[in-house]
Structures are given as C-alpha cells and as structure tokens.
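*Asks:* Encoded as structure tokens, here's the structure I'll be asking about.
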Amino acid sequence: MTSSSQRPRVVSLLPSATEHITALGHRDSLVGISHECDYPDGLQGLPILTSSKVLTRGSSLEIDRDVRRVLQEALGVYDIHTELLREVQPDVIVTQDLCDVCAVSLKDVQAATRELLGDHVQIVNLHPMCLEDIWTDLRSVAEALGAQDRFPEVLAERQARMQAVVERAQAAAARPRTLTIEWLDPVMLGGLWMPELIEMAGGTPMVTQKGEKAPTWTDEDLASLHPAPEVVLIKPCGFDRARTAEESEAFAHRLRAFDWPAVHAGRVYVADGNAFFNRPGPRIVESLEILAACIHPEVFPDFWETHRHAVGPFL
C-alpha cells in the first residue's frame, strides 16, 4: 500500500462510495463528501460539496412531487458547491449515473470538473444494478485509490458473511413470498439487488427481478396482487425508522385494506432504508442479515438482536 503522502485526494459524492473508501482503509484520502455521507463516524469536518434543491422534509408525496417538478424543468436535483470543489483540488471524484434522484448526476460532475479542474481529475462512475455490480464498484474504487491489495480481503470478508446467511437459510422449511417497499407515496417496490437478497435470505421475491428498477404501483395494483405476499419489508429510500414513523399511521391504514397473509399474520416490518438496502456499499451485508431476520426469524434470532436498532414490526 502506498504511503499517506502518496495517496490521491478523493472526493466522494455518494454515501455508498464513501463507505467503500473507508472500508478500503482510505478515510484519510477523503478531502470532500456529499451532504448525504453520514457513515462511518469520523467524517465530521470534511468539506460538504453538495446540497439538495428539493424538499428534504414533508410527506413522501410532497417530496415525490417536488422531485418530479425539478426533473421536468431539466434541472439536477442537487447542487455542487463549485468554489469548495476548486479549493479541495481532488485527484479522484467518485460519483454515479444510476439515479439522478439519489445523488449528483454524472453529467453535472463532468461539467463542473471540466470547468474548474481541467482534465487531470479521474472520475470514477458507479452504476450498481445488481449485487455483483456492488463488488465491481468496490474494485473500481480500490483501483482508483491504489488499494488493489486491500480489495481481496474486504471482498472476501463480505462475501463470506453473505454465504453464511445463504447456508443457514437453507435450513428453513419454507420460502415465504416477500415484497419490499422503497417509497410510500406513491408506492414503489424494491428492485435492482433486492430480489437477489430476498432469495439469499430464504424468501421468494415478488414482482421485480434482478436488475429491474423500482416500479410504481397503485393501491389497486397492490390489493389485486395474487398470490399475495407473506412477508413485507418497508424501507423507504433516504428514510430512517424515525422518519418513516411520521407516515406510519396513514400507510398502515392503507395496508390493512389489503387481504395479504403478511398483514393478517403481523409480518410487515420496517427498516432503516437510509443506512441499509438502498445504499449499495459494504453494508449490503448487514442489509441481507436484516432481511433474513424478517423472512425467517426462527432461523435468525441472533440477527434480530444484532440489528434491533435498524428493524422492527410495522403492524
């Protein structure tokens, strides 16, 4: 590994990228982060290089409408603080082009970089659509950091933990039909890597397939879902459990109208969707463990205890 004096100056404009960078042992390479980079501890004091143009409070419906308004006006959802970016003079910027709602868009980063920093800055673009892509992104970040020697160890540790979940889940007697919800109003269903996680945790994924982006469903669509889900996990993108609780009463009322086994059996759960599931970084492993605890609590009682701060009953 190179010495700290030889390490590149790195800006992360994506929370999952920040977690990749720190997992690879390069926290001290960071010279700037996004306003959403909140993990791990120790990021305090780093320059924050982005901010949001849309509502950060308000109901799910209000936030959704504001995002759609901004996008219809052909504006980016986020601002880049260009003067700060110029000041920190990065060698590497890590961003993404998967979702213009989730983080600063690639085209905005490219435009700002060309104008302010010239051509010497390396832009690492992440585009995770499935589980394997998350590990490919980790490799890309490692290569940009000069941390190729650290990558195999980090990858092996994460994959070993996930394989341990798969092997334990095989002892379960059934594979319950499992639906995940990643936005409350309008309802959006979990896609991308979520079907893979459900299968690994011993469930049967519903509606979406590996790599498919989140579809929007009406209450009529959900009510007519057949066969109906036996387990439901609610994990709104960008919301922790406390934020989801602000809309829980209204959404619980809607769910109770559905003739779903999951509702009748009290198998509807809520998790921290900001820290887990919707953040395709190293903590995708913890996301799998949380999901396993929901699908097979009889097999994974230890995960309920380990992750009790991040998941609990919704109904």
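*Asks:* Do any helices (runs of 4 or more DSSP H) lying entirely in the stretch 199-263 carry at least 1 residues that are among the acidic types (Asp, Glu) and more than 24 Å from GLN170 (Cβ to Cβ), and which ones are they?
*Replies:* On the way: elements: 219-223, 241-245, 248-255.
Helices (runs of 4 or more DSSP H) meeting the threshold: 219-223, 248-255.
*Asks:* Residues of the stretch 269-283 being in contact with a helix residue (DSSP H, G or I) (Cβ under 6 Å, 6 or more places away or on another chain) and either outside the structural domain of MET188 (by TED's automatic domain parsing) or among the hydrophobic types (A, V, I, L, M, F, W, C) (or both), which ones?
*Replies:* Residues of the stretch 269-283 that are in contact with a helix residue (DSSP H, G or I) (Cβ under 6 Å, 6 or more places away or on another chain), as a first pass: 269-272, 276-277, 279-282.
Listed by number, the residues that qualify are VAL270, ALA271, PHE276, PHE277.
*Asks:* Here's a follow-up. Which residue is farthest from TRP183 (Cα to Cα), if the candidates are limited to the stretch 211-230 and must be surrounded by 18 or more Cβ atoms within 10 Å (Cβ to Cβ) and in contact with an Asp or Glu (Cβ under 8 Å, 6 or more places away or on another chain)?
*Replies:* ALA228
*Asks:* List pairs: first residue in the stretch 294-305 and assigned by TED's automatic domain parsing to the domain that holds VAL232, second residue at pLDDT 95 or above and of a type in the set (S, T, N, Q) anywhere in the structure, Cβ distance under 6 angstrom, at least six positions apart or on different chains.
*Replies:* Final answer for the pair search is ILE295/THR178.
*Asks:* Scan the stretch 134-156 for residues that are under 14 Å from HIS26 (Cα atoms) and of a type in the set (Val, Ile, Thr) and jot them down.
*Replies:* Matches in the stretch 134-156: VAL141, VAL154.
*Asks:* Which residue pairs have Cβ atoms closer than 7 Å, lie 6 or more positions apart in sequence or on different chains, and pair a first residue in the stretch 240-259 that is closer than 18 Å to LEU179 by Cβ with a second residue that is β-branched (Val, Ile, Thr) and surrounded by 13 or more Cβ atoms within 10 Å (Cβ to Cβ)?
*Replies:* THR244/ILE234; THR244/VAL270; LEU255/VAL263; LEU255/VAL268; ARG256/VAL263
*Asks:* Please specify each residue of the stretch 60-86 satisfying the condition of being under 20 Å from the mean Cα position of the chain (by Cα) and modelled with pLDDT of 90 or more.
*Replies:* Matches in the stretch 60-86: SER60 only.
*Asks:* Also, I was wondering about something else. If only one of LEU184, LEU189, LEU233 is surrounded by 15 or more Cβ atoms within 10 Å (Cβ to Cβ), more than 22 Å from ARG65 (Cα to Cα), assigned by TED's automatic domain parsing to the domain that holds LEU291 and not β-branched (Val, Ile, Thr), which one is it? I'd like the intermediate steps shown before the answer.
*Replies:* Working: LEU184 fails: more than 22 Å from ARG65 (Cα to Cα); LEU189 fails: more than 22 Å from ARG65 (Cα to Cα).
Every option except LEU233 fails the conditions.
*Asks:* Applying the selection to the stretch 236-265, what residues are buried (at least 18 other Cβ atoms within 10 Å of the Cβ) and among the aliphatic types (A, V, I, L, M)?
*Replies:* Residues satisfying the conditions are LEU255, ALA262, VAL263.
*Asks:* Still on this structure: Which one is surrounded by the fewest Cβ atoms within 10 Å (Cβ to Cβ) among residues in the stretch 1-12 that are among the hydrophobic types (A, V, I, L, M, F, W, C) and at pLDDT 95 or above? Break it down stepwise before answering.
*Replies:* Our first condition is that a residue be among the hydrophobic types (A, V, I, L, M, F, W, C); within the stretch 1-12, this holds for 1, 10-11.
Filter once more, keeping what is at pLDDT 95 or above: 10-11.
Numbers: VAL10: 27, VAL11: 31.
The extreme case among them is VAL10.
*Asks:* Is the stretch 146-168 home to any residue that is surrounded by fewer than 13 Cβ atoms within 10 Å (Cβ to Cβ) and closer than 30 Å to TRP260 by Cβ?
*Replies:* Yes, the stretch 146-168 contains a residue that is surrounded by fewer than 13 Cβ atoms within 10 Å (Cβ to Cβ) and closer than 30 Å to TRP260 by Cβ.
*Asks:* Now for a separate question. With respect to ALA112, determine if the residue is at pLDDT 95 or above, of a type in the set (A, V, I, L, M) and not in a strand (DSSP E or B). Outline the logic, then answer.
*Replies:* Numbers: at pLDDT 95 or above: no; of a type in the set (A, V, I, L, M): yes; not in a strand (DSSP E or B): yes.
So ALA112 fails the test.
*Asks:* What are the residues in the stretch 166-198 that are in a helix (DSSP H, G or I) and touching a strand residue (DSSP E or B) at 6+ places or on another chain (Cβ under 7 Å), if any?
*Replies:* MET194, PRO195, ILE198
The values are calculated or read from the model by the stated rules, or taken from the named source; none is laboratory data. Computed from a prediction, not measured in an experiment: that's the story for all the values here. Virtual Cβ from ideal backbone geometry, glycine too; neighbours counted across all protein chains shown.
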